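If you scroll down you'll find the structure; I have some questions about it.
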Amino acid sequence: MSLLKPIATGAPSSTFPQRDHPLQPKGISVSDKPIQTNKYYGNFFLGDQKFPNFPQPYSLTWRNNDDHFSGLAISHIDADQYTYGPDASKDPTEYYINPAGLFSIIISANEFSSGNKLSATDSRHFSVQLTLEPSQSSSGSITIPIVTGSAFISSVYKDLTPVFNSSIFVKSLDKGNIKGGTKYKVTLNDNKVWLIYAFPSDSSSFELKKDSNSKLTASSKFNGLIQISKVPVDSVNNGAGEKVYDQYAGVYPTGITLSANVSNNTGEYWFTFDKAGDKSKSPLVYALPHHQNTFGSDTQKAKTSLSLQTTVMGAAVAYAADKWHLVENNLPTDVEFLPLPWNGGKSNYSNDTLNTIKQACENDIKFDVESASDTNSMYASGKILAKYAQVCLVAAKILKDDNLANTGREKLQKALQRFVDNKQQFPLNYDKTYKGLISTAGLKEPLADYGNTYYNDHHFHYGYHVYAMAVAGTLNSGWISDSQTDFVNDLLRDAANPVENDQYFPFFRSFDWYAGHSWSKGLFASGDGKDEESTSEDYNFYYAMKLWGIVKNNNDIIALANLMLGVIRTSMNSYIYITPKNKIEPEKIRGNYVAGITFMNKVDYATYFGDKVYYKQGIHMIPITPISGYVRNPTYVKESWDATLAPIIDSFSNSWTGIVYSNYAITDPSAAWKEFTSSNFKDSNIDNGASKTWYLALAAGMGAST
């Protein structure tokens, strides 16, 4: 039975006033169906629509008589083409990036000589459908279903004369054989080989000629399917890759349907491909490394010899299957509200330990959370609410001190109620354009509150609020009435709605089931696509989602969150939490031990707020919670600490000190406890989203020897 069941049904709470979004999309109609805001194809309807999009392994860019090219440009970059910088001679380097503007094949038509119009429809989690039409005519079109991972870029031509351009220039054009259609092999000046297949839907003929070094033109108008693919460099000479493409040409995916199930601590999920064309065949789709490592035996049988490099996620391998079956073992079923030891041993709550924690808690419980959380930012407020919730949790569940717990709980409930009632400085509105909950802080200044109004970071911001509400619920279930439940459910639906046909919220806005983690950038056009900086705040949302499921006794939410955390652990340890042993990411960046900001076109060992090493490492740690050691395993934590933080730990003393030591508790809780109880550890060493109470409880719960 699928886990993808409604968190709630119906319209969002009436406490959220409804409005149109200040940024209307270009080239995509606003309708009753939600528009995805954080997916790989967002540049098609943002800005001037001309930044690249990243379905993997190809990238796609719309051209409209730019450099005389008009149509949809297909690019693919091999690993030896990556650009490293800013000093490529350094090891490790700070970033690698895929070079821009290398348009191998541009899908076009002779009728586009005066330009073309781009429109998009059917905005789904894995896919979108594009339509290209002549600017000066209402007749003829090219329909292009874009599905993540597709081995072919497939185009359905209607009453247009096909043209294919190349910014790299055509070296040779050779006609081949394919059953039911026509095939051409195109060798470009970089010696890369591309294949063009044409399957007519009527009596159309398809004959290509080389008009110039940059242009191939068909002899007449064409109706039917045209598919384009790149032959992997290592299979050009032996013909193996070409044979695989020949075998599966004619069929193509138009979308992907997700299903999922969890049994005990094993999770399974499936990608079922909607397909068109020759449906007697299975579609050919590229799988990322983390897919390949978690495929069930049934899907492993569908592996082919084709392999192409992706932009930032290693080498993809093509599989020919109607359905992918993926399995995640060892889901975090035992992780709940309280810390667990991740590196052996057991939690240490001796009398001396509890007394030390209590001293901190007696001080932290005095914090005026109601005033402090009255900020102009959903993110800042959320961190403060979650921080105080942790203090209350320790008082009730570890210290078992009723006086402290009752004092804290009442203050926490009052602070949270402001947001339940939507009475904060900048209330949330329900956006009727893209279908979501947005802060009113950014209605005039898009980057206010970190871009929340434009769908930046919703899983970061709302995860803290959901966490604090879950803690309040486990401390006092009687406080969770319909209004509190509606508030949390709407936040969950905004970022992680598990129902595709929900007219009020998109299907998993933030999370990307293909990439295996979320993307934080929303409605901002970007040459490098979407990105994510704080991976720990990513999984914090799904951890909070799980805790809410526990409070509401909703096993479906619990199981879904567990599965998503399992997928995140696999993905992040493949592409983001890297060491020199990693074989997926380029060797020249592995010594950084973390990706930094992961874009769709670039990996940059950096942050948006500074270049200190402890910023670059620490932004992937906050907040440290019981789930942290599940994703950031003790071996990785120790190796990254020894290589990047140990050499500089005595060179700074600020709020990041507590962050990095709380992370170190995953592998060495005794060392963390020693730091937190040292006379050198000051209030200034504690981040505004944490407390000394929580740091001590973490170290003790993870097994500190005190």
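Coordinate-derived values only; no laboratory data. Here the structure is a predicted model, which is why all the values come from computation and not from measurement. For neighbour counting, all protein chains shown are included, and Cβ atoms are generated from backbone atoms with ideal geometry for every residue, glycine included.
Once both axes come from the Cα atoms, what is the angle between helix 692-701 and the longest principal axis of the chain, in degrees from 0 to 90, rounded to 10?
Around 80 degrees separate the two axes.
Just rank LEU173, LEU523, LEU399, fewest to most, by other beta-carbon atoms within 10 angstrom. Mind showing how you got there, number by number?
Details: LEU173 15, LEU523 24, LEU399 20.
With the fewest neighbours first, LEU173, LEU523, LEU399 line up as LEU173, LEU399, LEU523.
Related question: As a quick test, which of the pairs LYS192/LYS243; LYS50/LYS192; LYS50/LYS530; LYS39/LYS117; LYS158/LYS185; LYS5/LYS552 have an alpha carbon distance above 18 angstrom in this structure? Write out the running numbers ahead of the final one.
On the way: LYS192/LYS243 16 Å; LYS50/LYS192 25 Å; LYS50/LYS530 15 Å; LYS39/LYS117 22 Å; LYS158/LYS185 23 Å; LYS5/LYS552 15 Å.
The pairs that break the limit, which is 18 Å between Cα atoms, are LYS50/LYS192; LYS39/LYS117; LYS158/LYS185.
Each label point is 7 Å from the Cα along the Cα-to-Cβ direction; what then is the distance between the points at THR121 and ALA643, in nm?
If labels sit at THR121 and ALA643, their model points lie 5.0 nm apart.
Could you work out the equivalent-ellipsoid semi-axes for the stretch 330-394, taking the square root of 5 times each eigenvalue of the Cα gyration tensor, largest first, in whole Å? Walk me through the numbers before you get to the answer.
Details: eigenvalues 149, 75, 10 Å².
Each semi-axis is √(5λ); the values are 27, 19, 7 Å.
Right, another one. Taking every pair of distinct Cα atoms and averaging 1/r, then inverting, what Kirkwood hydrodynamic radius in Å comes out for the stretch 318-364? Don't jump to the answer; show the numbers that get you there.
On the way: mean 1/r = 0.0655 Å⁻¹.
The answer is 15.3 Å.
Using only the alpha carbons of the stretch 142-286, determine the length spanned along each of the three principal axes and report them from longest to shortest in whole angstroms.
62, 36, 27
Shifting gears a bit: Could you sort the peptides 665-672, 278-285, 456-463 by per-residue average Cβ neighbour count (10 Å cutoff), highest mean leading? Present the calculation step by step, with values, prior to reporting the outcome.
Working: 665-672: 23.8, 278-285: 18.8, 456-463: 27.0.
Output ranking for 665-672, 278-285, 456-463: 456-463, 665-672, 278-285.
Quick check on the exposure proxy: order GLU336, GLU133 from fewest to most C-beta atoms within 10 angstrom.
Numbers: GLU336 16, GLU133 21.
Sorted ascending by nearby Cβ count, the order is GLU336, GLU133.
At 25 °C and 0.890 mPa s, what whole-number value in µm²/s does Stokes-Einstein give for the translational diffusion of the stretch 560-706, with Rh from the Kirkwood sum over Cα pairs?
Values: Rh = 15.8 Å.
Translational diffusion coefficient: 156 µm²/s.
Another question, then. What FRET efficiency would be calculated for the residue pair SER371, LEU338, taking the C-beta separation as r and a Förster radius of 35 Å, to the nearest 0.05? Before the final figure, lay out each step's value.
Working: r = 28 Å, r/R0 = 0.81.
The computed FRET efficiency comes out at 0.80.
Over 38 Å, how big is the tail of the calculated P(r) for the stretch 351-701, in percent of all Cα pairs? Before the final figure, lay out the partial values.
Working: 7526 of 61425 pairs.
Taking all Cα-Cα pairs of the stretch 351-701, the fraction more than 38 Å apart is 12 percent.
How large is the helix-only mean residue ellipticity at 222 nm for the chain, computed as the sum of -39500 (n - 2.57) over DSSP H runs with n ≥ 4, divided by its residue count, in deg cm²/dmol to the nearest 500?
Only helices count here, giving -8000 deg cm²/dmol.
Same structure again: Compute the angle between helix 482-496 and the longest alpha-carbon principal axis of the chain, please, reported from 0 to 90 degrees and rounded to the nearest 10.
40 degrees
Just check the stretch 255-328 against the gyration tensor rule for me: Cα atoms, a ≥ b ≥ c as the square roots of the eigenvalues, rounded for a/c under 1.5, and otherwise prolate or oblate depending on whether a/b exceeds b/c. Could the numbers behind the result be given before it?
Numbers: a/c = 1.86, a/b = 1.17, b/c = 1.59.
Oblate, because a/c is 1.5 or more while a/b does not exceed b/c.
Rank the residues ASP421, ASP556, ASP431 as a footprinting-exposure proxy: fewest other Cβ atoms within 10 Å of their Cβ go first.
Details: ASP421 12, ASP556 17, ASP431 23.
By the 10 Å Cβ count, ascending: ASP421, ASP556, ASP431.
How high is the relative contact order of the stretch 524-650, given as a whole-number percent (alpha carbon pairs under 8 Å, six or more residues apart)?
Numbers: 143 pairs, mean separation 37.9, N = 127.
Relative contact order of the stretch 524-650: 30 percent.
Now, a different point. For semi-axes √(5λ) of the Cα gyration tensor in Å, one of (i) 53, 41, 19; (ii) 48, 27, 22; (iii) 58, 28, 21 was computed from the structure I shared and the rest are decoys. Which label?
Recomputing semi-axes √(5λ) of the Cα gyration tensor in Å here picks out (ii).
Something else about it: From Cα pairs below 8 angstrom and at least 6 apart in sequence, can you work out the relative contact order of the chain, rounded to a whole percent?
Working: 1584 pairs, mean separation 106.8, N = 706.
This gives 15 percent for the chain.
Roughly how many nanometres apart are two label points built 7 Å out from the Cα toward the Cβ at ASP611 and TRP479?
So the two model labels end up 4.5 nm from each other.
Still on this model: If I fit a long axis through the Cα atoms of helix 655-664 and take the longest principal axis of the Cα atoms of the chain, what angle between them do I get, 0 to 90°, rounded to 10?
Helix 655-664 sits roughly 80 degrees off the main axis of the chain.
Let me ask another. Take the alpha-carbon centre of the stretch 1-80, take the same for the stretch 331-406, and report the distance between them in whole Å.
What the calculation gives is 40 Å, centre to centre.
Give the share of C-alpha pairs in each 5 angstrom bin for the stretch 2-67, from 0 to the last occupied bin, in whole percents, shortest bins first.
The percentages, shortest bin first, are 3, 12, 16, 18, 15, 14, 10, 6, 2, 2, 0.
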